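Novice: Below is one structure. I have some questions about it.
The values are calculated or read from the model by the stated rules, or taken from the named source; none is laboratory data. Quick caveat: nothing in here was measured; it's all calculated off a predicted structure. Here the Cβ positions follow ideal geometry from the backbone for every residue, glycine too, while neighbour counts run over all protein chains shown.
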Amino acid sequence: MFVFWRLLLAHFIADFPLQTNEIYFLKTKYSWGSLLHSGIFAATSALLLWPLWGRPDFWLFLLFLFVSHGLQDLLKIIYNRKNSRDTIWLFLLDQVLHIAFISTVFLLPVSLMKYTVSQEAWFYWYSQDKPIIYLTFLVGIGFGGSILIPYVEKLVKKLPQVEIPPKFKYYGILERILVMTLVSAPGYWYVFTPIVFLVRYFSRETYSTVSVVVSVLAAVAGGIILRGLL
């Protein structure tokens with residue numbers, strides 16, 4: 001699982017925090033924009049899996065992921081242009097397919113690789129899967145939730161297009177990260193989660209019921225799954 005979790009973390013990092021508005025604009029306007037995005041994913045994967053740099057099979061698999069990721073995104077954009085069907089189902093299918101391509105690493109010998117360092121080394125925590133799994137969930141749900149919520153709102157409210165409110169985006173990220181941290185922590189830290197939600201009460205911003213419910217459910221679910229995994 002060493003290689004898989006780091007590839008999955010790289011995918012979430014590239015798809016959410018590193019996929020800026022500028023990158024997304026290039027993806028939708030130019031065909032090479034998808035390759036730029038997949039290149040960011042491949043570069044992030046290489047950085048997170050630096051112990052594998054000496055293995056040719058790793059670079060071949062990374063090339064496969066680079067091509068498949070970019071081609072999939074390009075086909076998704078072309079489909080959206082022709083059919084105007086940018087829905088939550090397409091978003092979820094896109095994520096499932098990306099993860100499925102990453103999961104093919106289990107068919108290769110490189111997936112059996114394990115990396116350990118001494119207790120005194122700076123990179124000790126890198127060799128442990130639990131911190132990587134934790135970061136994967138924080139990035140995937142914390143940042144990815146900002147994309148999921150507008151898709152759910154579009155579905156429920158029958159909106160013509162997906163709209164991501166910038167102010168809610170950053171507050172929501174912090175809220176989901178804090179909730180997941182409290183729920184996943186050993187013991188009874190989850191009893192303090194209502195304190196996080198009180199921030200909404202004192203905030204001058206308005207939030208739709210859909211956004212609040214989806215954000216809370218995603219964070220709590222992520223925390224419960226993390227608690228089980230860790």
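Novice: Out of curiosity, is L93 aliphatic (A, V, I, L, M), assigned by TED's automatic domain parsing to the domain that holds E175 and either farther than 24 Å from V213 by Cβ or not in a loop (DSSP other than H, G, I, E, B) (or both)?
Specialist: no
Novice: Residue check: is S45 within 13 Å of L8 (Cα to Cα) and either of a type in the set (D, E) or part of a helix (DSSP H, G or I) (or both)?
Specialist: Judged against the criteria, S45 is a match.
Novice: Mind checking whether some residue in region 125-145 is over 25 Å from F25 (Cα atoms), hydrophobic (A, V, I, L, M, F, W, C) and either surrounded by fewer than 13 Cβ atoms within 10 Å (Cβ to Cβ) or not assigned by TED's automatic domain parsing to the domain that holds G228 (or both)?
Specialist: Checked against the condition, which is being over 25 Å from F25 (Cα atoms), hydrophobic (A, V, I, L, M, F, W, C) and either surrounded by fewer than 13 Cβ atoms within 10 Å (Cβ to Cβ) or not assigned by TED's automatic domain parsing to the domain that holds G228 (or both), region 125-145 yields at least one hit.
Novice: Please tell me if D86 is outside any helix (DSSP H, G or I) and closer than 30 Å to P150 by Cα.
Specialist: yes
Novice: Could you grab me the full set of residues in region 106-124 that are modelled with pLDDT of 90 or more and buried (at least 18 other Cβ atoms within 10 Å of the Cβ)?
Specialist: none
Novice: Do you know which of the residues in region 154-174 that are assigned to a helix (DSSP H, G or I), over 23 Å from L198 (Cβ atoms) and of a type in the set (D, E, K, R) is modelled with the highest pLDDT?
Specialist: My answer is K154.
Novice: Still on this structure, I have one more. Is it true that T20 is of a type outside the set (A, V, I, L, M), surrounded by 13 or more Cβ atoms within 10 Å (Cβ to Cβ) and either at pLDDT below 90 or outside the structural domain of I149 (by TED's automatic domain parsing) (or both)?
Specialist: It is false that T20 is of a type outside the set (A, V, I, L, M), surrounded by 13 or more Cβ atoms within 10 Å (Cβ to Cβ) and either at pLDDT below 90 or outside the structural domain of I149 (by TED's automatic domain parsing) (or both).
Novice: Does V196 qualify as being farther than 15 Å from Y134 by Cα, in contact with an Asp or Glu (Cβ under 7 Å, 6 or more places away or on another chain) and assigned to a helix (DSSP H, G or I)?
Specialist: yes
Novice: Let me ask something else. Quick one: how many residues across region 9-53 are under 22 Å from I78 (Cα atoms) and β-branched (V, I, T)?
Specialist: Total satisfying the criteria: 4.
Novice: For region 48-66, which residues satisfy the criterion of being surrounded by fewer than 19 Cβ atoms within 10 Å (Cβ to Cβ), of a type outside the set (D, E, K, R) and either not in a helix (DSSP H, G or I) or not assigned by TED's automatic domain parsing to the domain that holds R6 (or both)?
Specialist: Matches in region 48-66: W53, G54.
To keep it simple, each residue is scored yes or no on (1) in the same structural domain as Q19 (by TED's automatic domain parsing); (2) within 23 Å of the chain's Cα centre (by Cα); (3) surrounded by fewer than 16 Cβ atoms within 10 Å (Cβ to Cβ).
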residue: Y171; (1), (2), (3): no, yes, no
residue: V183; (1), (2), (3): no, yes, no
residue: F192; (1), (2), (3): no, no, yes
residue: T206; (1), (2), (3): no, no, yes
residue: T209; (1), (2), (3): no, no, yes
residue: A218; (1), (2), (3): no, yes, no
residue: A221; (1), (2), (3): no, yes, yes
residue: L226; (1), (2), (3): no, yes, no
residue: L230; (1), (2), (3): no, yes, yes
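Novice: Next question, about the same structure. A185 versus (1) touching a helix residue (DSSP H, G or I) at 6+ places or on another chain (Cβ under 6 Å); (2) at pLDDT 90 or above; (3) more than 30 Å from Y24 (Cα to Cα): which is the lone unmet condition?
Specialist: (1)
Novice: A further question on this structure: Could you list all residues from region 24-38 that are over 15 Å from I147 (Cα atoms) and in a helix (DSSP H, G or I)?
Specialist: Scanning region 24-38 gives F25, L26, K27, T28, K29, W32, G33, S34, L35, L36, H37, S38.
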